[in-house]
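As structure tokens, the structure follows; a few thoughts come after it.
A short reminder: the numbers here are calculations on the coordinates, not readings from a lab. For clarity, every value in this text was computed on a predicted model and none was experimentally measured. Glycine gets a Cβ as well: all are built from the backbone with ideal geometry, and neighbour counts include every protein chain shown.
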Amino acid sequence: MKLKDFNSQLGAAKKAARKSGYLLLKNRQELNQKLADSSKDIKLEADIQSENLIKQIISSDSNYPILAEESGKSNKDLGDTFWVIDPLDGTANYNRGIPMCCVSIGLVKNMTPLFGVIYDFDNDHMYVGDVLNNYSMMNDDPITVSNIQKKQDS
């Protein structure tokens, strides 16, 4: 993937994550309506609305097919490069008002992630992991793991 296309796709993911997060935050009360509930999973109106918005934005800015949590594949054959979308990662927390949930969007090529975008909308933190260029960011600031080697020193 050429750098210009890569940056364009990353920009689309960030835009979609931010807009979806804003929708989830602003409309929490009306979107927090259960559509399905089982012992292992809960589905809210928020999941559906967030996914629809993300797919709309991604589809307008990208030609790659989409694999989304709620609706599945956008094409029968996803090809070698496709989007992976979890429109509300942490639905149960969202439902309970626990501010530990996010929007997750990634682009995969040959079953290897190219990048991932996680938007923590409750705290307005945008995380980006770029596998091709080997960097991680939070709100455009580099982040790294610590260099502590021993568990007792951490």
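Computed quantities for the displayed model
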{"read-out": "Gln33/Asn123 FRET efficiency (R0 25 Å; Cβ-Cβ; nearest 0.05)", "value": "0.55"}
{"read-out": "Links that overshoot a 19 Å alpha carbon limit, given the list Lys19/Lys55; Lys73/Lys109; Lys4/Lys76; Lys55/Lys76", "value": "Lys4/Lys76"}
{"read-out": "Diffusion coefficient, µm² s⁻¹, Stokes-Einstein with Kirkwood Rh over alpha-carbon pairs of the chain at 25 °C and 0.890 mPa s", "value": "150"}
{"read-out": "Protection proxy ranking of 73-82, 48-57, 18-27, 106-115 - average other beta-carbon atoms within 10 Å, highest first", "value": "48-57, 18-27, 106-115, 73-82"}
{"read-out": "Of every Cα-Cα pair in segment 52-93, the percent that sits beyond 12 Å", "value": "58"}
{"read-out": "Kirkwood hydrodynamic radius of segment 1-82, Cα pairs, Å", "value": "14.0"}
{"read-out": "Estimated dipole of segment 1-96 in Debye, rounded to 20 [Cβ of Lys and Arg +1, of Asp and Glu -1, Cα centre]", "value": "360"}
{"read-out": "Relative contact order, percent, segment 1-46 [alpha-carbon distance under 8 Å, six or more residues apart]", "value": "24"}
{"read-out": "Cβ-placed point charges (K, R +1; D, E -1), dipole of segment 42-154 about Cα centre in debye, nearest 20", "value": "360"}
{"read-out": "Other-chain or far-sequence residues with amide H under 5 Å of Leu44's (modelled H)", "value": "Leu35"}
